[in-house]
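Let me begin by presenting the structure, written as structure tokens, before commenting on it.
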Ligand code: 4AD
Ligand code: MG
């Protein structure tokens, strides 16, 4: 019978002989194969009877080769494993040239592995990260399903700029060299595929709102695209976002939902992905040893996740946060790149990290931001200058979630759009929600890769998505 490595290592196997297919990690002393098939971080040791195996076959058992092994599962004599396979026959399914195979059995830098992203999931680190990514995705759908949410597939190609930030990728079939022009020389998009300008979506929120205002509780979990030219370890041009949207829920309910949701999905991986987490925890410890003492974390990866699961997020208004920042040491000593002078300042990631890592030392929900630094759709507070926005900041990551209670009052929304030059004709359908049965509603967006970064302890967002898209880079 055929098994996976995970099954062989964790289940009671009674049917013998067994069969397995996988890739050779190492082959030692012409005798011991460490075999991995992606089902677990662990390899299974396969012991080859080299005296009775063809010399030509032995030569082809090299790192990276795909093999089909038949044999008996036996108690292992060696240290570090309970069972091993006594190989009775081995077939080479796919050879690997040991000279040129990029994934040698040694430490590679993450930069090198990014250039070989098509093979990097053959390493322990990247296979563990991608299994965790998969588990988190599953847990997210599970959470919403258990809590009465419907999954909506919002469009990828859209005619509106949900965030109003203008950082969009155009979708067009016009001839870039010779586009049809209007009389004034501008491109005539009426002749484009959709008869108007279209882009890849930056967020599924606006369409999700229409579903919340009919199905009640919904969420999207899809790819989003942003053409921001920020080459940081936390930004991708293509990333995945989870956006729940709930009718009749206000900002405080939104905070409760976000906190419960994040605790639940992180709790899921603590329970189901222990071995991968333990591996990544060790990796992180090794990495931290190379850093100066002051930059090392005082908590291990699993402790950090547990801390988030077990403790309440701190809820702090923007106004309180500004006071804390104004009086902080790095602000007074001008250590911040952007000094906080007064209320109204936009927070940079250095400020967010100060708040979560130095001041509160726990996840923080900042709320009630100045209206003019947030998107047009957020509900204006009675003070006339702040909106019911919330950002959730995480230690080591910065902003993980952005959300708000939505402006449900037609006149106020129209006023706001006018002030920002957002044409009413473009969002007529969005305004209709405020004309017909409007109600308080709220939602948020969680950057999936940032969550995976937190759960895996990886410090570069390029290393938690299969094939990162960043400025000047769309290989694979
Ligand atoms: O704060 P943002 O821009 O919020 C929205 O898009 C809202 N429409 C969400 C909503 O209310 N439904 O983005 C949400 C989250 C951020 O907090 C961050 O975690 C992530 O998306 N994010 C990115 N992740 C990776 N690369 C980028 N370039 C990102 N931009 C935002
Ligand atoms: Mg944001």
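Modelled label positions at residue 329 and residue 412, each set 7 Å beyond Cα in the direction of Cβ, lie 4.1 nm from each other. Hydrodynamic radius of region 2-101 by the Kirkwood approach over all distinct alpha-carbon pairs: 13.4 Å. Stokes-Einstein diffusion of region 144-189 at 10 °C, 1.306 mPa s viscosity, Kirkwood radius from Cα pairs, rounded to a whole number: 111 µm²/s. Taking one quarter of the surface of the convex hull spanned by the alpha-carbon atoms of region 114-163 gives a direction-averaged projected area of 6.1 nm².
Cβ-to-Cβ counts within 10 Å put 170, 469 in ascending order as 170, 469, the fewest first. For region 2-101, the relative contact order comes to 28 percent (Cα pairs under 8 Å, sequence separation of at least 6).
On the principal axes of its alpha carbon atoms, region 209-321 extends 52, 37, 36 Å, with the longest extent given first. When every Cα-Cα distance of region 431-476 is counted in 5 angstrom steps from zero, the calculated P(r) takes the values 5, 17, 17, 12, 11, 7, 7, 12, 11, 2 percent. Against the chain, whose longest principal axis comes from its Cα atoms, helix 301-310 is set at around 40 degrees. Computed from the C-beta positions of residue 270 and residue 435 and an R0 of 60 Å, the FRET efficiency is 0.85 to the nearest 0.05. Spherically averaged projected area of the convex hull of Cα atoms, region 125-250: 11.2 nm². Helix 251-272 and the long axis of the chain differ in direction by around 0°, with both axes built from C-alpha atoms.
Mean projected area of the Cα convex hull of region 406-462, taken over all directions, amounts to 6.1 nm². Placing dummy labels 7 Å off each Cα toward the beta-carbon, the span from residue 296 to residue 12 is 4.4 nm.
Contact order, relative form, for region 358-476: 19 percent (alpha carbon pairs under 8 Å, 6 or more residues apart, mean separation divided by residue count). Computed on region 22-64, the Cα convex hull volume stands at 62 Å³ per residue. Only DSSP H runs of four or more residues enter the estimate; each adds -39500 (n - 2.57), and after division by the residues of the chain the mean residue ellipticity at 222 nm equals -9000 deg cm²/dmol.
Taking the empirical scaling 2.2 N^0.38 Å for compact globular proteins as reference, the chain has a Cα radius of gyration ratio of 1.16. Our Cα-only numbers for region 104-195 put the radius of gyration and Dmax at 22.0, 63 Å. Taking every C-alpha pair closer than 8 Å and separated by at least 6 residues, the mean separation divided by the residue count of the chain gives a relative contact order of 13 percent. Using the Cβ-Cβ distance between residue 229 and residue 107 with R0 set to 30 Å, the FRET efficiency works out to roughly 0.40.
On a 0 to 90 degree scale, rounded to 10, what angle separates helix 274-289 from the longest Cα axis of the chain? So the inclination is approximately 80 degrees.
Computed on region 354-464, the Cα convex hull volume stands at 135 Å³ per residue.
The numbers here are math on the coordinates, done by the rules we state, and not lab data. Please read these numbers as outputs of a predicted model, since none were measured by experiment. Quick reminder, even Gly has a Cβ in these numbers, built from the backbone with ideal geometry, and neighbours come from all protein chains shown.
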